[in-house]
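Beneath this line is the structure, given in structure tokens, with notes to follow.
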Amino acid sequence: MPLAIVILAAGQGSRMNSDLPKVLHPLAGAPLLAHVLRTAQMLEPARLVVVTGHGAEAVTRAVDALAPEAVVVHQAAQLGTAHAVAQARSALNGFSGDLLVLYGDTPFVRFDTVQAMRSARAEAALVVLGFDAADPGRYGRLITAGERLERIVEYKDATAEERAITLCNSGVLCADAAQLFTLVDAVESKNAAGEYYLTDTVGLATAQGLAAKVVRCDEAETLGINTRAELAAAEAAFQAGARAEALDNGVTMTAPDTVFLALDTVIGRDAVIGPNVVFGPGVTVETGAEIRAFCHLEGCHISRGAVVGPFARLRPGTELAEDVRVGNFVEIKNALLDEGAKVNHLSYIGDAELGEGVNVGAGTVTCNYDGVMKHRTVIGARAFIGSSTMLVAPVRVGAEAMTGSGSVITQDVPDGALALGRARQETKPGLARRLMTRLRAIKAGKTG
């Protein structure tokens, strides 16, 4: 059965106390909406529609970047969830199949859960995702009769007996697209704000003799984000799950509670991750690599056998080949380090290519920025860069060449050559002692 997905991302999220649209707040290094889009894309829908509202321009830009195949429609007036779904009608013109409704601020609904909902469609015209709440609070309650779902009652409208029910509504539902739009058209506003609620479609369906059914999931999957506190709780939940999955997949973490992973982090089996490591978006660590304590990684690829850190920063565009060594207080950006290259301490390597077996001494800097443009540094295989070398790009150091410590290299260095670019040292016998004696006397005169 073909599937279309509508993601409701129109909520204002004023309780976040933020100018940023709620669905764009970051969770595990990606917007909340990115988590939902990722699940949606795994389902391979024939149509994917995102309904925007507050902050529509920013949300549209995010959707274009994350899911360019999606169609974005705008809900100009915030008139409830049924009204929001209705805005997707034109984008689904000509579609025949099931329609799944997801929410941009509910990031944890699992692929397997949605697949269970799709399977349940064989037995019901409308399928709702429900959960047994530890504290039902003000959730809408699912009123069932045996296996059948009869209606959804909002907390404010529920009787004391209905409020005692712990089976609650997540808002996620699946139905035949044409049937759902017919039901949405029949929803009536029941409040002064003129809002139309998608939950009312269940009662309308059963009144027409259509079968409705509940698929249950863990409460944790239905966590919606409306406040900063809930966002923090979601981050903690994501990290706990991601760490557990990494450990199960054969990754060693010496202090897992201190490691922070991103939505798209990939770590191979037998990799070792030390304490207090932060993974930003776009990081792949291959089998057998080691990331030592207090490293920050983003947009980089680390091959097997490489060792990074402690206290290293890898920025976007960094590619480390096998057995590379990047040590303490080293920053690397947009650079390729070939097999066995070493940058062991106190250096910045940006916009560069380091050949096989290159050794970079402490305090070396690739001076890649002239104030307007970025320029590249290329260092040939097995070259040795002396400590505190300033490589003023664009510049090329040949294979098996050397630079003297403290050099400023502004011209290309041929293969096998030694380059020295520093001022001649002069030594003044006794001058240091005389100078210090004079300075101490001046200081004593000022404080006396």
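Please treat every number below as a calculation from the coordinates, not as lab data. These figures come from a predicted structure and were not determined experimentally. Cβ coordinates were reconstructed from backbone atoms using ideal geometry, including for glycine residues, and neighbour counts include every protein chain displayed.
Taking every Cα atom in the chain, find the radius of gyration and the maximum pairwise distance Dmax, and write them in Å.
30.2, 105
Cβ under 13 Å from A341's Cβ, A341 left aside: what net charge do those residues give with Lys, Arg +1 and Asp, Glu -1?
Once all neighbours under 13 Å are counted, the net charge is -4.
What do you get for Rg/Rh of the stretch 150-300 when both radii come from the Cα atoms and Rh is the Kirkwood radius?
1.17
Order by neighbour count: I165, I409, fewest other Cβ atoms within 10 Å first, most last.
I165, I409
If we count GluC sites (Glu not before Pro) as exposed when they sit in a DSSP loop and have at most 13 other beta carbons within 10 Å, what is the longest stretch of the chain that avoids them all?
189-425
Give me the log10 of I(q) over I(0) for the stretch 228-419 at q = 0.14 Å⁻¹, as the Debye formula computes it from C-alpha points; what are the numbers?
The calculated log intensity ratios at q = 0.14 Å⁻¹ are -0.74.
Across the chain, how many lysine pairs, 8 or more positions apart or on different chains, have C-alpha atoms separated by under 24 Å? Please give the number.
For the chain, the number of qualifying lysine pairs is 6.
Using the charge dipole of the stretch 228-419 (Lys, Arg: +1 at Cβ; Asp, Glu: -1 at Cβ; taken about the Cα centre), state which of F238, G309, G355 has its Cα farthest towards the positive end.
Result: G309.
Hey, what did the chain get for relative contact order, percent, Cα under 8 Å, at least 6 apart?
Rounded, it is 9 percent for the chain.
What FRET efficiency do you get for K190 and A255 if R0 is 56 Å and r is their Cβ-Cβ distance, rounded to the nearest 0.05?
0.60
List the trypsin sites (Lys or Arg not before Pro) in the stretch 178-239 that DSSP assigns to loop (not H, G, I, E or B) and whose Cβ has at most 15 other Cβ atoms within 10 Å. Which are they?
K190
Charges only on Cβ, +1 for Lys and Arg, -1 for Asp and Glu: so what's the dipole of the chain about the Cα centre, in debye to the nearest 20?
2620 debye
What percent does the relative contact order of the stretch 228-419 come to when contacts are Cα pairs within less than 8 Å and at least six residues apart?
9 percent
Residue by residue through the stretch 279-285, which ³J(HN,Hα) values in whole Hz follow from phi under the Karplus form 6.51 cos²θ - 1.76 cosθ + 1.60 (θ = phi - 60°), with glycine and proline marked x?
With coefficients 6.51, -1.76 and 1.60, one gets 9, x, x, x, 10, 10, 10 Hz.
Out of every Cα-Cα pair in the stretch 3-222, what percent are more than 20 Å apart?
Result for the distance tail: 57 percent.
Tell me, what HN-Hα J-couplings in whole Hz come from the Karplus equation 6.51 cos²θ - 1.76 cosθ + 1.60 at θ = phi - 60° for each residue of the stretch 103-115, using x for Gly and Pro?
Once θ is set to phi - 60°, the couplings for the stretch 103-115 become 10, x, 10, 10, x, 9, 5, 8, 4, 4, 5, 5, 4 Hz.
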